[in-house]
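To start, the structure under review is shown below, and the notes come after it.
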Amino acid sequence: MLTFGLTIVRHGETQYNKDKLLQGQGIDSPLSEIGIQQAEAAGRYLQNLKFTNVFASNMRRARQTADIIVKNNLHCSGIEVVTDPLLKERSFGIAEGGPVQDMKNMAKAAGQSCPDFTPPQGETPEQVKTRIREFLKSMFQRMVEDHCRDGPQKSAEGNGPVPASHAEGPIAGRPDDGVHDVPVHALVVGHGAYMRVAVRYLVEELRCSVPPELKMTHVFSACPNTGMCRFVLTLGRGEAGLTPTAVRCVFINRRDHLKPGKDEECA
């Protein structure tokens, strides 16, 4: 059994984000100056957390954000940032490079919400979900190989195994909420539309528990640039291989390190 923290961060702002243009997979843009500042702020916010594993989309904006966060971290010197194409942003097909408003208009004309609408040649939410499953399977295997070689997992103090119900309790609004005593912690840096599908998958299909004070409209809302989601997962090995036996949400779309602002639903 392995219990670990999972912090998912959206990449920083790009010029396309600023100009309200869709990027998807076809536009591999770097961070803007504001995006770099956001990534630096995220790195400072997370600087005292010890990440044992770091994963990032292989797209430039996500890799840059991950590198900046790791650079600012006090415990991640020399850590490998594993890039994975399974973490790439959702493809928006013919809508990529065009205004977000055009995508909203297409969705409205089709009688669908923007997150559920698939433009021609785009990737459906179900196809994104398939990539999420594949990434999680790969990540679970990597985490177990890295952290379960020496027998049962120990707590941060080394005084016994980490319980499956670990990290439950009130949220104090601190960077280490939910993981202050969880020794294994993965950082994943990805993309907004991908994260939205991933959160829905964790909540609806993996039966992730959600803090009662969180409204589901917030849980399934768009994540701001460098916004953060955190979960605590416990893995077990069954006939189907490694599977989560417990998944707990700590927070969704936290932006404490950012100035207040508004984010696009389909960005």
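The values are calculated or read from the model by the stated rules, or taken from the named source; none is laboratory data. Source: prediction; values computed, not measured. Glycine also receives a Cβ, built like all others from the backbone with ideal geometry; neighbour counts cover every protein chain displayed. Just the protein is used for accessible areas: all its heavy atoms, side chains included, with ligands, DNA and RNA removed. Shrake-Rupley method; radii C 1.70, N 1.55, O 1.52, S 1.80 Å.
How many of the residues making up segment 106-135 are of a type in the set (A, V, I, L, M, F, W, C), more than 13 Å from L22 (Cβ to Cβ) and in contact with a helix residue (DSSP H, G or I) (Cβ under 6 Å, 6 or more places away or on another chain)? Talk me through it step by step, then tell me what you get.
First, the residues of segment 106-135 that are of a type in the set (A, V, I, L, M, F, W, C): 106-107, 109-110, 114, 117, 128, 132, 135.
Going one step further and asking which of them are more than 13 Å from L22 (Cβ to Cβ), we end up with 109-110, 128, 132, 135.
Then drop every residue that is not in contact with a helix residue (DSSP H, G or I) (Cβ under 6 Å, 6 or more places away or on another chain), which leaves 128, 132, 135.
Qualifying residue count for the region: 3.
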Could we say that K215 is surrounded by fewer than 22 Cβ atoms within 10 Å (Cβ to Cβ) and within 23 Å of N72 (Cα to Cα) here?
no
Residue match in segment 124-132 (condition: polar (S, T, N, Q) and modelled with pLDDT under 95)
no
If you go through S77, S32, the only one that is among the hydroxyl-bearing types (S, T, Y), open to solvent by 50 Å² or more (accessible area, probe 1.4 Å), free of Cβ contacts under 8 Å to residues at least 40 places away in the same chain and farther than 20 Å from G122 by Cα is S77
Could you give every pair whose Cβ atoms fall below 8 Å, whose first residue belongs to segment 237-258 and is within 27 Å of I36 (Cα to Cα) and open to solvent by 30 Å² or more (accessible area, probe 1.4 Å), and whose second residue is at pLDDT below 95 and outside any strand (DSSP E or B), counting only separations of at least 6 or pairs across chains?
D256/G173
May I ask you to list the residues in segment 50-59 that are crowded, with 19+ Cβ neighbours inside 10 Å and over 22 Å from A193 (Cβ atoms)?
F51, N53
When you check A62 against the structure, is it among the hydrophobic types (A, V, I, L, M, F, W, C), open to solvent by less than 10 Å² (accessible area, probe 1.4 Å) and either more than 17 Å from the chain's Cα centre (by Cα) or closer than 23 Å to Q127 by Cβ (or both), yes or no?
yes
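Counting just the residues of segment 1-23 that are of a type in the set (A, V, I, L, M, F, W, C) and open to solvent by 20 Å² or more (accessible area, probe 1.4 Å), which one comes out modelled with the lowest pLDDT? Spell out how you get there, then give the answer.
Of the residues in segment 1-23, the ones of a type in the set (A, V, I, L, M, F, W, C) are 1-2, 4, 6, 8-9, 21-22.
Next cut, open to solvent by 20 Å² or more (accessible area, probe 1.4 Å) only: 1, 8, 21.
Values: M1: 85, I8: 98, L21: 97.
Applying the filter and picking the extreme gives M1.
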When segment 221-232 is examined, which residues are found to be more than 12 Å from the chain's Cα centre (by Cα) and buried (at least 23 other Cβ atoms within 10 Å of the Cβ)?
V232
So A198 passes all but one of these: (1) part of a helix (DSSP H, G or I); (2) modelled with pLDDT under 95. Which condition number does it fail?
(2)
What do you reckon, is D84 at negative phi and open to solvent by 60 Å² or more (accessible area, probe 1.4 Å)?
no
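Check P152, P163, P170, P183 and return the single one that is modelled with pLDDT of 95 or more, more than 27 Å from R60 (Cβ to Cβ), in a loop (DSSP other than H, G, I, E, B) and open to solvent by 40 Å² or more (accessible area, probe 1.4 Å). If you could, list the steps in order and put the result at the bottom.
Values: P152 fails: modelled with pLDDT of 95 or more; P163 fails: modelled with pLDDT of 95 or more; P170 fails: modelled with pLDDT of 95 or more.
Just a single option satisfies the conditions, and that option is P183.
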